[in-house]
Amino acid sequence: MKLISSVNNEYIKKIIKERGAGFFWWEGYKFYQELKKTGKKSHILIIEEEEFKNKFKENVNIDCDELIIVSERVFKKLSFTNSPQGVGGLIGFFTESIDNIIDKKGNIFYLAGLQDPGNVGAIVRIADAFNFLAVIYEKNGASPFNEKSVRASTGSILRVPCIEGDPLSLKRLYEKGFNIFFLTSSEKGSLNI
């Protein structure tokens, strides 16, 4: 366990660089609870010093490679919210591929260039609620691993595979008989293809 109080600490700079480069940032108690439920591992767990003293003490019960306690100022620098809750961290992207689901049966959301990360996170949450097999997104749209998408998913990103796809993967899934809910930013709306 490390205690870091300076926003200029080299390790904090490294954490900021790792966001989006193989790791996504999560924060908040709801997400922390979802981590506990799913048993997923947080690469780095970061807790603000006062939160650690008041709520966690020595009772941090999620799997993590490293626990870091930081000052309020440092946590605010790491956070993407106006009122951070004092708990967050980095998780490695879950690497899934079309090949992992191609022989399964179920519904899939296909996001064709959807740009708003909040909408992407909400769709991941809907996919979780309705037991969709996966959410497939195109590189030219918002990533489900974007901080705003992760926050909007309220932990559903831990349960729903999010797979980067393209029109060829869409064709493969269609040929296999998947129910694909194709979502686009077109004013004509979504179609079940």
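The values are calculated or read from the model by the stated rules, or taken from the named source; none is laboratory data. Values in this document were obtained by computation on a predicted structure and should not be read as measured data. With ideal geometry, Cβ positions are generated from the backbone for all residues, glycine too; neighbour counts draw on all protein chains shown. Accessible surface is based on the protein model in full, side chains and every heavy atom, while ligands, DNA and RNA are left aside. Shrake-Rupley method; radii C 1.70, N 1.55, O 1.52, S 1.80 Å.
Determine if region 80-93 includes at least one residue that is touching a residue at least 12 places away in the same chain (Cβ under 8 Å) and of a type in the set (S, T, Y).
Step one: list which residues in region 80-93 are touching a residue at least 12 places away in the same chain (Cβ under 8 Å), which gives 80-81, 84-93.
So of that shortlist, the ones also of a type in the set (S, T, Y) come out as 81.
Looking for residues that are touching a residue at least 12 places away in the same chain (Cβ under 8 Å) and of a type in the set (S, T, Y), one finds at least one in region 80-93, hence yes.
Of the numbered conditions (1) under 30 Å from F130 (Cα atoms); (2) open to solvent by 40 Å² or more (accessible area, probe 1.4 Å); (3) touching a Leu at 6+ places or on another chain (Cβ under 9 Å), F80 fails exactly one; give the number of that condition.
Unmet for F80, out of (1) under 30 Å from F130 (Cα atoms); (2) open to solvent by 40 Å² or more (accessible area, probe 1.4 Å); (3) touching a Leu at 6+ places or on another chain (Cβ under 9 Å): (3).
For region 99-178, which fully contained helices (runs of 4 or more DSSP H) count at least 1 residues that are touching a Ser or Thr at 6+ places or on another chain (Cβ under 8 Å) and more than 22 Å from T81 (Cβ to Cβ)? Even if it seems obvious, please write down each step before you answer.
Numbers: elements: 117-129, 147-153, 167-175.
So the answer is 117-129.
Residues checked against (1) buried (at least 20 other Cβ atoms within 10 Å of the Cβ); (2) over 19 Å from Q33 (Cα atoms); (3) modelled with pLDDT of 90 or more:
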| position | (1), (2), (3) |
| --- | --- |
| F94 | no, no, no |
| K105 | no, yes, no |
| D116 | no, yes, yes |
| E138 | no, yes, yes |
| K148 | no, no, yes |
| S156 | yes, no, yes |
| V160 | yes, no, yes |
| K171 | no, yes, no |
| F178 | yes, yes, no |
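Test each condition in (1) open to solvent by 40 Å² or more (accessible area, probe 1.4 Å); (2) more than 16 Å from the chain's Cα centre (by Cα); (3) closer than 26 Å to K41 by Cα for F109 and report the one that comes out false.
Result: F109 passes all but (1).
State whether the residues of region 49-58 include one that is within 15 Å of the chain's Cα centre (by Cα) and modelled with pLDDT under 90.
So the first thing to find is which residues in region 49-58 are within 15 Å of the chain's Cα centre (by Cα), and the list is none.
No, region 49-58 contains no residue that is within 15 Å of the chain's Cα centre (by Cα) and modelled with pLDDT under 90.
Which pairs turn up if I take residues in region 12-37 that are within 15 Å of F93 (Cα to Cα) and look for partners that are assigned to a strand (DSSP E or B) and among the basic types (K, R) with beta carbon separation below 7 Å, at least 6 apart in sequence or on another chain?
W25/R19
Identify all residues within region 41-77 that are surrounded by 19 or more Cβ atoms within 10 Å (Cβ to Cβ) and assigned to a loop (DSSP other than H, G, I, E, B); write none if there are none.
The answer is I62, and nothing else.
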